[in-house]
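Bear in mind these aren't lab numbers, they're just calculated from the coordinates by the rules spelled out. Keep in mind the model is a prediction, meaning the values are calculated, not measured. Cβ atoms come from the backbone with ideal geometry, glycine included; neighbour counts cover every protein chain shown.
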Amino acid sequence: MGKAVKYAVIAGTLGGVVAVVRSMRVTEEAPEGGLAKKALTTAAGAAAVGGLTGLVLDRRSARKLAKKHRKLAAAVAASGLVEAARTAGPKLGRKARKAARKTARKTQKAAAKAAIKASAKASKAAAKAKPAAELAKERAMWIGDAARPQVEHAADLARERARRAVDVAQARLAS
């Protein structure tokens with residue numbers, strides 16, 4: 001949930017700032033209440049998109065981390081076999097101890113190699129995930145920008161309908 005909250009806060013802040021900057025550029029702006037409302041709706045939409053993006057990225061990283069922990073647990077289990085061979089050493093014959101030591105060394109080397117491979121694969125996966133996260137972030141921002149005109153239009157229509165409803169209600173009360 002950490003990434004979802006961070007992305008929602010960052011995207012909401014950026015969305016609000018972008019709405020205010022765009023509105024300030026236009027010289028013929030509606031009253032200040034319209035500016036605040038526009039900034040608030042834009043920030044809310046951007047926060048929703050940012051939260052969704054953060055949630056997706058958070059779940060992906062959790063899955064990758066779980067996979068890495070499974071590989072590490074297998075390596076630790078292999079090292080448990082090494083300890084068992086060491087403790088059984090004095091109770092075995094000379095040839096058996098030699099074979100157990102040889103097997104323990106091989107197992108230990110294999111576990112070390114597996115841990116190194118897992119670490120390398122994890123770092124490669126992290127490197128590959130970074131551009132994907134940037135792409136997802138860019139696409140989410142693009143979608144937010146593309147949806148903004150429709151949301152603004154819908155808000156304008158709702159505002160006009162509310163004004164009409166108020167006029168009708170006032171006319172009924174007056175008569």
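Under a crude label model (7 Å from the Cα following the beta-carbon direction), how far is Ser61 from Ala112 in nanometres?
So the label points at Ser61 and Ala112 sit 3.2 nm apart.
For region 118-125, take each phi angle, set θ = phi - 60°, evaluate the Karplus expression 6.51 cos²θ - 1.76 cosθ + 1.60, and give the result in whole Hz per residue in order, putting x for glycine and proline.
After applying 6.51 cos²θ - 1.76 cosθ + 1.60, I find 4, 5, 5, 5, 5, 5, 5, 5 Hz.
Would you mind computing Rg(Cα) / (2.2 N^0.38 Å) for region 93-175, counting N as its residues?
Against the compact-globule rule of thumb, the ratio is 2.92.
In the structure displayed, which of Lys64/Lys106; Lys102/Lys124; Lys64/Lys113; Lys71/Lys124 lie more than 22 Å apart, Cα to Cα?
Where the Cα-Cα span goes over 22 Å, the pairs concerned are Lys64/Lys106; Lys102/Lys124.
Pop a pseudo-label 7 angstrom from the Cα along the beta-carbon direction at both Leu52 and Thr13 and give the gap in nm to one decimal.
Simple spin-label model gives 2.3 nm for this pair.
Set the bar at 20 Å for Cα to Cα. Now go through Lys3/Lys130; Lys6/Lys68; Lys3/Lys121; Lys68/Lys117; Lys3/Lys128; Lys38/Lys137 and name every pair that lies beyond it.
Numbers: Lys3/Lys130 14 Å; Lys6/Lys68 24 Å; Lys3/Lys121 23 Å; Lys68/Lys117 11 Å; Lys3/Lys128 18 Å; Lys38/Lys137 22 Å.
Checking Cα-Cα distances, Lys6/Lys68; Lys3/Lys121; Lys38/Lys137 exceed 20 Å.
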